[in-house]
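The values are calculated or read from the model by the stated rules, or taken from the named source; none is laboratory data. Bear in mind that the values here come from a model prediction, so they are computed numbers and not experimental data. Note that we place each Cβ from the backbone using ideal geometry, even for glycine, and neighbour counts take in every protein chain shown.
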Amino acid sequence: MLALIEMKRRKLQFAMVTGVVALISYLIIMVTGLGLGLNERAGTGLLALDGEYLAYASNANLSVIRSRLTDAHVAAIEDAPGVERATPVGYVAAVVEYGPEESDTAATLGVVPGSFAEPEVVDGRQLEAPDEVLIDRAWARLAGTSIGDTLPLPVGFDSRDFTVVGVVDQGYVFFQPTVYVSLEDWQALAYQGDPSQRPAASIVLIQGEDVAGASGDGWQVVTKQEGFENIEGVQAQQSTVDALRYMGLLIGTLVIGVFFYVITLQKVSLLGILKAIGASGLFLATQGMLQVFVVAVVGVLISVGLAIVTEATLLSSDTVPIMFNTNSLVTSSASVVIGGLVGAALSVRQVAAIDPIIAMQQQ
Amino acid sequence: MAILSLRGVSKSFGEGPQRVDAVRDVSLDFERGEMVSLVGPSGSGKSTLLAMVGGLLTPTSGEILVDGVDIARLGARERTRYRRDQVGFVFQGSNMVPFLTARENLLLVAGFGGMDKGALRRRADELLEELDLTHVAGHLATRLSGGERQRVAIARALMRDPALILVDEPTASLNTELGERVVDALAEEVRGRNKACLMVTHDERMAARAGRLIEFRDGRIRHDGSVASDEAARSDRG
Ligand SMILES: Nc1ncnc2c1ncn2[C@@H]1O[C@H](COP(=O)(O)OP(=O)(O)OP(=O)(O)O)[C@@H](O)[C@H]1O
Ligand SMILES: [Mg+2]
């Protein structure tokens, strides 16, 4: 096969462009991974909730932090058309001093024990009594807390010891690992004033059908996804990451495009000869595209390897919010290969335009 | 029927004052088994004529009939196929694919499709043998000497057993003895396999080895005859 023999005999040239493609593809994978990682930190804990819709206070501008709902709101939401089940969820950011001089913020969610808002534990047991807490794996990694430990959660200027009874796998909310307490405990943690004045919940988690857009006196319902997208900073973060990805893809497409354009220019006389002795334009274009495909696929495979190595070494610590999944790797890889083929398609026109008469004009 | 007939073929390049009439109203017939030399001064239109017969240029006017089909009227796809299957072209510059070996340069035409690969492989080895190239079969084209490259080019042109062999200056980089051998090999191929060969050359000794000699001047046929009678004509003039 002409294309492959050429690659074999011109190793250096093709190895160089493959290397560049690998680096660009690596960059795209890392940026995509960063996007995923940041998204996960921003609010997978919210997305992981077992319901399709969220109800917010209508004056909260879809901010979980600002949203406060009363018992009357919760009751009205439960009765709204399309709602099958609804359960209140509270949110407060709690600074946890888990060791001497060591503290971090946990996104503390209050849920009714046994309700569908309470996440399933992957280890230990569900909430049963007051002063019990479920911690997320992320928190366990961060603070080294495990089942049976006590977790001091702040109440006013004081703190209250909670017992860790289970571990869940829900992720983060607002860049903080999540912990789960009962709704009553949450009320005590979040509001220290007159108990009769305490809000009943921050938001309401809803299972049902066609509830998005429903609203009533002081509350409104949106899809969970819309709630997630309205988390402070998520949209800006998403568009930044997307811009970087598209930039990387554009650069990759251009690099491959320009490389094969130059290679084709170098070979114009050769391609003319091949046409003159009976090669069709289609045959030559296929050979070119085959080379692009090999370069792109090998480059992408190298970059995926690099990314996996990076994840295993650099990213095993919890400080860099980069994560990969098969989906993102496949998408990034496929987009680089397609980008390369698109870039190289420019050269196909050039190949088609070569007049075989040039075979007679060289000496 | 003639395998190749030119009927009033003309080719001009450019427009207005820049116009060059490279070939003017040429009519010729070639039979199977004929080995023809084209001679003439530089710029007389020999290569242009060859390019038209080889399907690389379309005549400005006239017809080029190969087995009765006017190749000037072929579409792009049929033209490619015509070049692939019916023409074996040896260019003035013996154009090899530099990163392929001598043998791979022959097998290259297998990739263009339309022929059995095993048969092509046997044919390649046969031609390498005939043209005394077996010992350099595995050498990259860039490492071959001028003469070896020229012979590989000839072998490549013969690979698909074309009806027409078109050769532009085949012996330019060969010494006389090797040149004669190459031309004789071509002549044998032409006679043995009933092809027609048009060979452009400046070398009178090579030209004399063909059966028929056509002399060009300013795009026109100045003389056309068998080599023997041509030599007679020359001596008449001289
Ligand atoms: N593409 C072209 N554009 C313009 N003029 C051309 C072109 N090709 C050939 N010519 C002109 O046509 C004439 C015939 O050229 P051609 O190459 O056929 O000559 P030739 O007999 O093969 O010469 P040589 O022996 O030097 O190879 C020349 O005057 C040449 O300059
Ligand atoms: Mg010429």
note = For segment B:184-208, the count of residues that are outside any strand (DSSP E or B), more than 16 Å from ligand 1 (Cβ to nearest atom), in contact with a Gly (Cβ under 9 Å, 6 or more places away or on another chain) and farther than 17 Å from B:LEU131 by Cα equals 3
task = Looking only at segment B:48-70, decide whether some residue is within 11 Å of ligand 1 (Cβ to nearest atom) and among the acidic types (Asp, Glu).
result = no
query = Pick from A:ALA94, A:ALA22, A:ALA80: which is closer than 27 Å to A:GLN192 by Cα, more than 14 Å from chain B (Cβ to nearest Cβ), out of contact with any Cys (no Cβ under 8 Å at 6 or more places or on another chain) and crowded, with 19+ Cβ neighbours inside 10 Å?
reply = A:ALA94
inquiry  = Suppose the filter is without any contact (Cβ under 8 Å) to a residue 24 or more places away in the chain and on the phi < 0 side of the Ramachandran plot; does A:ASP79 pass it?
reply    = yes
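From A:LEU205, A:LEU249, which residue is assigned by TED's automatic domain parsing to the domain that holds A:VAL336 and of a type in the set (A, V, I, L, M)?
On the way: A:LEU205 fails: assigned by TED's automatic domain parsing to the domain that holds A:VAL336.
Every option except A:LEU249 fails the conditions.
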message = Criterion first (in the same structural domain as A:LEU205 (by TED's automatic domain parsing) and free of Cβ contacts under 8 Å to residues at least 60 places away in the same chain) does A:ASP123 satisfy it?
response = yes
query = Would it be correct to say that A:GLY339 is closer than 18 Å to A:ILE24 by Cβ, surrounded by 19 or more Cβ atoms within 10 Å (Cβ to Cβ), in contact (Cβ under 8 Å) with a residue 24 or more places away in the chain and of a type outside the set (D, E, K, R)?
reply = yes
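Given the residues B:GLY8, B:GLY33, B:GLY55, which is the only one that is at positive phi, away from every other protein chain (no Cβ under 13 Å) and in a loop (DSSP other than H, G, I, E, B)?
Numbers: B:GLY8 fails: in a loop (DSSP other than H, G, I, E, B); B:GLY55 fails: away from every other protein chain (no Cβ under 13 Å).
Going through B:GLY8, B:GLY33, B:GLY55 in turn, the sole match is B:GLY33.
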ask   = Does segment A:305-313 include one or more residues that are within 14 Å of chain B (Cβ to nearest Cβ), surrounded by fewer than 14 Cβ atoms within 10 Å (Cβ to Cβ) and free of Cβ contacts under 8 Å to residues at least 60 places away in the same chain?
value = no
key: Subset of segment B:59-118 [at the interface with chain A (Cβ under 7 Å from one of its Cβ atoms), in a loop (DSSP other than H, G, I, E, B), in contact with a strand residue (DSSP E or B) (Cβ under 9 Å, 6 or more places away or on another chain) and touching a residue at least 40 places away in the same chain (Cβ under 8 Å)]   = B:PHE91, B:GLN92, B:PHE99, B:LEU100
message = Is it the case, given these coordinates, that B:LEU166 is modelled with pLDDT of 90 or more and within 16 Å of ligand 2 (Cβ to nearest atom)?
response = yes
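Restricting attention to segment B:1-43, which residues are more than 16 Å from ligand 1 (Cβ to nearest atom) and either surrounded by fewer than 21 Cβ atoms within 10 Å (Cβ to Cβ) or free of Cβ contacts under 8 Å to residues at least 40 places away in the same chain (or both)? Can you show your working first?
Going through segment B:1-43, the residues more than 16 Å from ligand 1 (Cβ to nearest atom) turn out to be B:1-5, B:7-8, B:27, B:29-35.
Once the filter is applied, which keeps residues that are more than 16 Å from ligand 1 (Cβ to nearest atom) and either surrounded by fewer than 21 Cβ atoms within 10 Å (Cβ to Cβ) or free of Cβ contacts under 8 Å to residues at least 40 places away in the same chain (or both), segment B:1-43 yields B:MET1, B:ALA2, B:ILE3, B:SER5, B:ARG7, B:GLY8, B:SER27, B:ASP29, B:GLU31, B:ARG32, B:GLY33, B:GLU34.
Determine whether A:ARG125 is of a type in the set (Lys, Arg), surrounded by fewer than 16 Cβ atoms within 10 Å (Cβ to Cβ) and over 28 Å from A:GLU52 (Cβ atoms). Working first, answer last.
Values: of a type in the set (Lys, Arg): yes; surrounded by fewer than 16 Cβ atoms within 10 Å (Cβ to Cβ): yes; over 28 Å from A:GLU52 (Cβ atoms): no.
No.
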ask   = Any chance segment B:3-19 includes a residue that's within 16 Å of ligand 2 (Cβ to nearest atom) and over 18 Å from the mean Cα position of the chain (by Cα)?
value = yes
ask   = In segment B:121-128, is there at least one residue being over 15 Å from B:GLY93 (Cβ atoms), basic (Lys, Arg) and without any contact (Cβ under 8 Å) to a residue 24 or more places away in the chain?
value = yes
ask   = Among A:ILE338, A:ILE256, A:ILE263, which is farther than 29 Å from B:PRO162 by Cβ, within 14 Å of chain B (Cβ to nearest Cβ) and away from ligand 2 (no atom under 16 Å from the Cβ)?
value = A:ILE263
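Please go through segment B:88-106 and give me each residue that is more than 16 Å from ligand 1 (Cβ to nearest atom), of a type outside the set (Ser, Thr, Tyr) and more than 14 Å from B:ASP161 (Cα to Cα), ordered by number. Full working, then the answer.
Taking segment B:88-106 first, the residues more than 16 Å from ligand 1 (Cβ to nearest atom) are B:88, B:96-106.
Narrowing the set further to residues that are of a type outside the set (Ser, Thr, Tyr) leaves B:88, B:96-100, B:102-106.
Within segment B:88-106, B:MET96, B:VAL97, B:PRO98, B:PHE99, B:LEU100, B:ALA102, B:ARG103, B:GLU104, B:ASN105 qualify.
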request  = For segment A:92-102, enumerate the residues that are among the small types (Gly, Ala, Ser) and at pLDDT 90 or above.
outcome  = A:ALA93, A:ALA94
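Scan B:VAL167, B:VAL109 and give me the residue that is within 16 Å of ligand 1 (Cβ to nearest atom), β-branched (Val, Ile, Thr) and in contact with a helix residue (DSSP H, G or I) (Cβ under 8 Å, 6 or more places away or on another chain).
Details: B:VAL109 fails: within 16 Å of ligand 1 (Cβ to nearest atom).
Result: B:VAL167 is the single residue among B:VAL167, B:VAL109 that is within 16 Å of ligand 1 (Cβ to nearest atom), β-branched (Val, Ile, Thr) and in contact with a helix residue (DSSP H, G or I) (Cβ under 8 Å, 6 or more places away or on another chain).
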ask   = Can we say B:LEU28 is part of a strand (DSSP E or B), over 20 Å from A:MET360 (Cβ atoms) and more than 16 Å from ligand 2 (Cβ to nearest atom)?
value = no
message = Among the numbered criteria (1) closer than 30 Å to A:THR326 by Cβ; (2) of a type in the set (A, V, I, L, M); (3) buried (at least 20 other Cβ atoms within 10 Å of the Cβ), which one does A:LEU34 miss?
response = (3)
task = Read through the list (1) touching a Pro at 6+ places or on another chain (Cβ under 9 Å); (2) modelled with pLDDT of 90 or more; (3) of a type in the set (Ser, Thr, Tyr), then give the number of the only condition that B:SER94 fails.
result = (2)
query = Quick check: anything in segment A:8-15 among the basic types (Lys, Arg), closer than 26 Å to A:ASN327 by Cα and either over 29 Å from the mean Cα position of the chain (by Cα) or surrounded by 20 or more Cβ atoms within 10 Å (Cβ to Cβ) (or both)?
reply = no
